[in-house]
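One structure is given here, and the rest of the page talks about it.
The values are calculated or read from the model by the stated rules, or taken from the named source; none is laboratory data. Keep in mind that this is a model prediction, so the values were computed, not measured. Positions of Cβ are backbone-derived with ideal geometry, glycine not excepted, and every protein chain shown enters the neighbour counts. Just so you know, the surface numbers come from the protein's heavy atoms only, side chains and all, with ligands and any DNA or RNA stripped out. Shrake-Rupley method; radii C 1.70, N 1.55, O 1.52, S 1.80 Å.
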Amino acid sequence: MAGQPRIEITPDILLRAYAAGIFPMAEDSEDPSLFWVEPQARGIFPLDAVHVPRRLARTVRQDVFDIRIDTDFDGVIAGCAAPDADRERTWINGRIRRLYGELFDGGHCHTVEAWRDGRLVGGLYGVRLGAAFFGESMFHLERDASKVAFVHLVARLRRGGFTLLDAQFVTSHLATLGAVELPRRDYKRLLAVAVESDAEWRALPVQVRGAEALGALSRPG
């Protein structure tokens, strides 16, 4: 669903939209308007079937990056909004930054951050609602930084009892990590259960070593 006229979107409206399977986007960073999106086929990560390639698992286990949660939302969303070799334009505009910043302040938006030598070099952010986590965007300045953050995210979700990790759309990159597409009807069934269930974002400590994160992926949630 797209092309709707501009309305005043508040954090509460945004959460209700997520609960209904809808999320906002902008055409690019310079366009102040937003439009609602409801894909016919929805990308998700089955939390018990996320694929961690051997080389990536080795990087996670070696603790190449210092993984933190919820310490630098502004830095993460700025990284996600910055153009890179794969994209010259971004859908993250000023309204997106403000809205998700308010969700972050209210405890409904979270970051998983990869730091190295005191510098933020990758990470991701997303929205938490019940036992659902809606991944929004990720970035990296060093190889594997965002992937390591993703592994730590999945470990946290599994340990916390989450049942849905939403990826919005499946790209070739996300498919290598285990993302699959669901028809809208099947997705909404999973969504309805997840948003009415309880889960714990801080079931793992704020900082977790890579070996523990990998262990959480290999054990039942």
Original post:
Which of the residues belonging to the range 162-186 are open to solvent by 30 Å² or more (accessible area, probe 1.4 Å) and modelled with pLDDT of 95 or more?
Top reply: Thr163, Val180, Glu181, Leu182, Pro183, Arg184, Arg185, Asp186
Original post:
Right, Gly75: in a strand (DSSP E or B), within 17 Å of the chain's Cα centre (by Cα), over 20 Å from Asp31 (Cβ atoms) and not hydrophobic (A, V, I, L, M, F, W, C) or not?
Top reply: no
**OP:** Tell me which residues, restricted to the range 15-35, are touching a helix residue (DSSP H, G or I) at 6+ places or on another chain (Cβ under 7 Å), open to solvent by 10 Å² or more (accessible area, probe 1.4 Å) and not aliphatic (A, V, I, L, M).
**Re:** Ser29, Pro32
Original post:
Could you say whether any residue in the range 108-119 is part of a helix (DSSP H, G or I), free of Cβ contacts under 8 Å to residues at least 40 places away in the same chain and crowded, with 20+ Cβ neighbours inside 10 Å?
Top reply: no
**OP:** Output yes when any residue across the range 162-170 is closer than 24 Å to His108 by Cα and either in a helix (DSSP H, G or I) or without any contact (Cβ under 8 Å) to a residue 12 or more places away in the chain (or both), and no when none is.
**Re:** no
**OP:** Filter the range 120-156 down to residues that are more than 11 Å from Phe65 (Cα to Cα) and assigned to a loop (DSSP other than H, G, I, E, B) and give me whichever is least open to solvent (accessible area, probe 1.4 Å).
**Re:** Ala131
Subject >> From Arg159, Arg189, residue being crowded, with 19+ Cβ neighbours inside 10 Å and assigned to a helix (DSSP H, G or I) >> reply: Arg159
Original post:
In this structure, does Arg95 turn out to be open to solvent by 10 Å² or more (accessible area, probe 1.4 Å) and without any contact (Cβ under 8 Å) to a residue 12 or more places away in the chain?
Top reply: no
